[in-house]
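The values are calculated or read from the model by the stated rules, or taken from the named source; none is laboratory data. All values reported here derive from a predicted model rather than from experimental measurement. Note that each Cβ is placed from the backbone with ideal geometry, even for glycine, and that neighbours are counted across all protein chains shown.
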Amino acid sequence: MNKWLSSYRNRLTTIFGGMTCVALFSLTLYIDQKSSSYIAEEYSINLMTLAKGLSDMLGATLTEREREIMLLSQRTQLIEGNLTSAEIRTELERIQQSYPHYAWIGITDTEGVVQSSTLGLLEGQAVAQRPWFIHGQS
């Protein structure tokens, strides 16, 4: 047997030192696992909060745009008037300028032919096969 381990005191010191190392290693693994799960949970909560805020903002924006379209569609000028008049184009361009995210605004007849639009784009063209027209009919 090793001369150093022949002493009871040295054996006891080695055993307690080894147990301390094992305990500290186990504690380190436990703390690492707990802190990792805590960080992941915090990131998850922050991400959900951000997503909720973005979805609320997007929902409000879409509701505003829907309301604007509904109000525009109920205007007497559009129901009874000439859809190709300069007044209607001017009104559409004014609406487009009020909200810079509108790329294009146009009015079609029931057959899908653009009657009036901002900057005159697509006027007189058939758009009945385009997805936005098809979905707008339903």
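Residue pairs whose Cβ atoms lie under 7 Å apart, sitting 6 or more positions apart in sequence or on different chains, and linking a residue in the range 7-30 that is outside any helix (DSSP H, G or I) to a partner that is loosely packed, with under 10 Cβ neighbours inside 10 Å, do not occur here. Evaluating Gln129 against the criteria (1) surrounded by 10 or more Cβ atoms within 10 Å (Cβ to Cβ); (2) assigned to a loop (DSSP other than H, G, I, E, B); (3) modelled with pLDDT of 90 or more leaves one unmet condition, (1). Of all residues in the range 40-91, those that are under 22 Å from Glu123 (Cα atoms) and basic (Lys, Arg) total 2. For the range 88-108, the set of residues classified as in a loop (DSSP other than H, G, I, E, B), at pLDDT 90 or above and surrounded by fewer than 16 Cβ atoms within 10 Å (Cβ to Cβ) consists of Ala103, Trp104, listed by residue number.
Among residues that are in contact with a helix residue (DSSP H, G or I) (Cβ under 9 Å, 6 or more places away or on another chain) and at positive phi, Gly120 is included.
Reported count of residues in the range 35-79, each being of a type in the set (Ser, Thr, Tyr) and surrounded by fewer than 10 Cβ atoms within 10 Å (Cβ to Cβ), is 1.
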